[in-house]
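For reference, the structure is listed below as structure tokens.
The values are calculated or read from the model by the stated rules, or taken from the named source; none is laboratory data. Just so you know, these numbers come straight off a predicted model, no measurement behind them. Here the Cβ is made from the backbone with ideal geometry for all residues, glycine too, and neighbour counts use every protein chain on show.
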């Protein structure tokens, strides 16, 4: 009964139209002094036409209404066919919102999964310097220099994870302005001095241009690239220079296998050399590429096993002023 009442309310305009038409016919019959039987005949004929039409309409409407009511609120089941253009438009809006909701849910799920995977990767990597610190503290006298080096590693890993947590808000943090690269790179090299000194590696920084970028995030990119260069270089050193539209960080390290280059920026991928040396977290370059893309920059890598690696930071917006 409630469904029928809902149908009658939904067709209020139809009932009013029928009543108005009948009243108009009755008025004409009265004004023209026509016999009442004419009005009666018209009413019977109209009813004979309208009743089947309205019955079919009521049946279709009630079936559609009950199908809609049977769909759970949280279900993504398809909606029944629309009975008119207005209903079709409403369904298009609802389907669009449902699609947007599914996409948001999938994106949220992926972000949560990536966070869990990368956090597990990061926590595993943290164990190495912490275990080294524990050993250093157990053997007196404590080697303060070695202990400080391990503390710096922990600090770098913590900064890396904090950067990962903030990565989705990079756009809000970006401050793009002319940034002289020579002092920025020199400052990054000083921050990583313990890595280079401990392995007796030479670092050469040529005169670099001024570019339009965010100095904080660009510094993070250089820090990750230089950290990797120091990790995988046992002899020789690192050379940072400008070439074309890029800043090149070239090392004389163990190099990267050609088969690993296409996957180098994938989360968690450390490659053959990373697995053999057990030094890679597979996270730094991924974060660097993400941050670079948000600034309109691009990273590319060339490498030869046994000869070294070159990482190119391609600058999209350049001032290119001599330092």
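General observations
- Criterion violated by residue 25 - all others in (1) modelled with pLDDT of 80 or more; (2) in a helix (DSSP H, G or I); (3) loosely packed, with under 13 Cβ neighbours inside 10 Å satisfied: (3)
- Output for the stretch 283-312, where each listed residue is touching a residue at least 60 places away in the same chain (Cβ under 8 Å), over 26 Å from residue 165 (Cα atoms) and surrounded by 21 or more Cβ atoms within 10 Å (Cβ to Cβ): 308, 309
- With respect to the stated conditions, residue 246 is at pLDDT 90 or above, over 23 Å from residue 201 (Cα atoms) and in contact with a strand residue (DSSP E or B) (Cβ under 6 Å, 6 or more places away or on another chain).
- Of the numbered criteria (1) part of a loop (DSSP other than H, G, I, E, B); (2) in contact with a helix residue (DSSP H, G or I) (Cβ under 9 Å, 6 or more places away or on another chain), the one residue 200 fails is (2).
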